[in-house]
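The values are calculated or read from the model by the stated rules, or taken from the named source; none is laboratory data. Owing to the predicted nature of the structure, the values given are computational and were not obtained by experimental measurement. Glycine also receives a Cβ, built like all others from the backbone with ideal geometry; neighbour counts cover every protein chain displayed. What goes into the accessible areas is simple: the full protein's heavy atoms, side chains included, and nothing from ligands, DNA or RNA. Shrake-Rupley method; radii C 1.70, N 1.55, O 1.52, S 1.80 Å.
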Amino acid sequence: VEGFLLSLKVAVVSATAATVLATLAAYALVRMGNFRGRSMFSGMVNAPLVMPEVIIGMSLLLLMVGIQRNLGFPERGTITIILGHILLGMAYATVVIQSRLSEMDRSIEEAAMDLGCRPGQVFFLVTLPNIIPALMAAWLLTFTLSFDDVVVSEFLSGPGVTTLPQVIFSYARRGVNPSIYAAATLLMLVVTLVVVAYTIYNAREQRRKAKR
């Protein structure tokens, strides 16, 4: 139960932060044109997609240890796990949101600016409402990636800080345990319910838009 609550906390925080950062990154890549350093920025954002999680976990561990030695913060634990999951989830969320922004009709934003909206108002009143389905999809994706991550959590967790996947993995190494099957069944059930609920919600929203 403690592992489940910790995993839930880490997944909610990291998914929310990753979605916010991914929205800003995707907006910069799609709407800001060919600015200086765009290729490097895009490569850094997408690097976790093609890099093995073992390498990501080891690199983050070395980074966190170096920062802790120099600054005394952060200690390995919940905060370091959240930071690692934000890095990993942001890459996936950026792809989802960037795809939606690329498909969006820019004439709507131009019309809003012609009617007197400032860039900030255009983003919050026009762009953001049109990409809400992509934001929800990105949040659910990053939440799932964070909730079931083992490798990065193993590298960045500290004493007394163990997520649910780590608990299940430790049980699995000891041998057959009914708790593993129960936890796995519950996880599959929850994920299935969330996916079905989102699919139904998305279908209803599409029908409403079609009627309008």
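For beta carbons closer than 6 Å, sequence separation of 6+ or different chains, a first residue in region 154-170 that is open to solvent by 30 Å² or more (accessible area, probe 1.4 Å) and a second that is in a loop (DSSP other than H, G, I, E, B), the qualifying pairs are F169/V150. Take the residues in region 89-103 that are open to solvent by 10 Å² or more (accessible area, probe 1.4 Å) and of a type outside the set (S, T, Y); name whichever of them is nearest to F143 (Cα to Cα). The residue in question is M90.
If you go through region 39-72 one residue at a time, how many are outside any helix (DSSP H, G or I) and closer than 17 Å to V152 by Cβ?
2
Of the residues I86, I168, only one is under 16 Å from V20 (Cβ atoms) and either part of a helix (DSSP H, G or I) or modelled with pLDDT of 85 or more (or both); which?
Details: I168 fails: under 16 Å from V20 (Cβ atoms).
Among I86, I168, only I86 is under 16 Å from V20 (Cβ atoms) and either part of a helix (DSSP H, G or I) or modelled with pLDDT of 85 or more (or both).
Any idea how many residues of region 6-23 are surrounded by fewer than 17 Cβ atoms within 10 Å (Cβ to Cβ) and touching a residue at least 40 places away in the same chain (Cβ under 8 Å)?
Initial filter on region 6-23 (surrounded by fewer than 17 Cβ atoms within 10 Å (Cβ to Cβ)): 8-9, 12, 16, 20.
The next check asks that each one be touching a residue at least 40 places away in the same chain (Cβ under 8 Å); those that pass are 8-9, 12, 16.
So the answer is 4.
One residue is enough: does region 122-130 have a residue meeting the conditions in contact (Cβ under 8 Å) with a residue 24 or more places away in the chain, buried (at least 19 other Cβ atoms within 10 Å of the Cβ) and either not small (G, A, S) or not in a helix (DSSP H, G or I) (or both)? Yes, that holds for at least one residue.
Of all residues in region 52-72, exactly one satisfies the criterion of being under 16 Å from the mean Cα position of the chain (by Cα) and open to solvent by 50 Å² or more (accessible area, probe 1.4 Å), namely E53. With respect to the conditions (1) open to solvent by less than 60 Å² (accessible area, probe 1.4 Å); (2) at pLDDT below 85; (3) part of a helix (DSSP H, G or I); (4) under 30 Å from P74 (Cβ atoms), Y198 lacks only one, and its number is (4). When you check A182 against the structure, is it assigned to a helix (DSSP H, G or I), closer than 29 Å to P48 by Cα and small (G, A, S), yes or no? So A182 does not fit the description; no.
Being among the hydroxyl-bearing types (S, T, Y) and in contact (Cβ under 8 Å) with a residue 12 or more places away in the chain: is that true of Y198 here? If you could, list the steps in order and put the result at the bottom.
Details: among the hydroxyl-bearing types (S, T, Y): yes; in contact (Cβ under 8 Å) with a residue 12 or more places away in the chain: yes.
Here the answer is yes, as Y198 does meet what is asked.
Somewhere in region 133-148, is a residue free of Cβ contacts under 8 Å to residues at least 24 places away in the same chain, part of a helix (DSSP H, G or I) and closer than 22 Å to M32 by Cβ? Before you say what the answer is, go through the steps one by one.
Going residue by residue through region 133-148, those that are free of Cβ contacts under 8 Å to residues at least 24 places away in the same chain are none.
No, region 133-148 has no match at all.
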